[in-house]
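Working notes, structure below.
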Amino acid sequence: MKVPIRMLGIATVIFWVFLAAFIGLAAYSIKDLGLDVGETQVSTTPKGELLFSLPISIDNKGYSSLNDLKITTVFFDESGAEISTASTSVPTISRGETAMITHNATLNMNALLHKGEEYLLEDQNLAASVTTGLTLAELLPVQISANFTYPWGAPFYNFRLSQPSVGSFNVTHYSVGVPVSFENHAAFDLTGNIRIQLFSNDDKLLSETQTSFNAPRQSSYADEVEFQIGANSESLLNQNGHFNIYFSTALFEYGPLVIPYG
């Protein structure tokens, strides 16, 4: 009995030595991986969502194949609540193979603005996490996670409506001009319509107007909207009041944004 048991022990030791050497060789091959991460491209989807596309090139110069590669990105708001999640998977990258991957993540603007209008008007930082998992040589699972912040540029940064200014009078109505301005700090071009309601200090609707706009990314916008108010309402503009603003674009609808005047 002693001989077989001894031989079994030797075989077990040999097995674990080979297994350890195999795992070590697979892990060592990671250093020979070539990784190239391109620049994130921002576009829109047919569903009106923001699409973040990250090109990644992986050159497997190691000694073993890479299997079950999965890249997962999760965006969070300032409170830590999840906004969106996206995953990209590649079944196998063989030894000596170069894989070109595009990792796509989407962000629903309406869902984001539902979290707070600060994402419409103020530059923010979105928290995000990236998790990459794979299996080396069909045996050794590896997972790496990292946290980072994504700088969010507000599409209507520093949005302003100035004090109403009474202009011409045509017997029954006054023409009232209101300058409007903002900066598009977003990573996408912005086109759409702005509907503005003008209220007196006692919440009486004096007039309503609408204007279209086109603000390319990283640009400033300035214009003047015009209201027509009844002649008997002109005195109300000498007091304070507020505007109700409604934004309509291909990516989102938002309103009312309330801005006081006076």
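Laboratory data are not the source of any read-out in this text; all were calculated from the coordinates shown. Quantities reported herein were computed from a predicted structural model and do not represent experimental measurements. Positions of Cβ are generated from backbone atoms using ideal geometry, with glycine treated the same way; all protein chains shown enter the neighbour counts.
Of ASN110, SER94, GLN41, whose Cα points farthest to the positive end of the dipole of the range 30-151 (charges on the beta-carbon: +1 Lys, Arg; -1 Asp, Glu; origin at the Cα centre)?
SER94
Could you size up the charge dipole of the range 157-261 around its Cα centre, putting +1 on the beta carbon of Lys and Arg and -1 on that of Asp and Glu, and report it in debye to the nearest 20?
It works out to roughly 100 debye.
Check cross-link reach from LYS204 to the aspartates and glutamates: straight Cα distance under 17 Å, and skip same-chain residues fewer than eight apart.
Filter leaves GLU234.
When we measure straight from the Cα of LYS61, which aspartates and glutamates land under 14 angstrom away, once same-chain ones fewer than 8 places off are left out?
In chain and number order, the partners are ASP32, ASP36, GLU97.
Could you please rank LEU51, LEU251, placing first whichever residue has the fewest other Cβ atoms within 10 Å of its Cβ?
Ordered from fewest to most neighbouring Cβ atoms within 10 Å, LEU51, LEU251 come out as LEU51, LEU251.
Can you put VAL37, VAL74 in order of Cβ neighbours within 10 angstrom, beginning with the fewest?
VAL37, VAL74
Full extension from LEU51 to GLU97: what is 0.36 nm times the residue separation minus their Cα-Cα distance, to one decimal in nm?
13.8 nm
Quick check: net charge around THR209, other residues with Cβ under 12 Å of its Cβ, Lys/Arg +1 and Asp/Glu -1?
That sum, taken over residues with Cβ under 12 Å, equals -3.
Can you pull the semi-axes for the range 30-151, root of five times each eigenvalue of the Cα gyration tensor, sorted largest first, whole Å?
Whole-Å semi-axes of the equivalent ellipsoid: 32, 14, 12.
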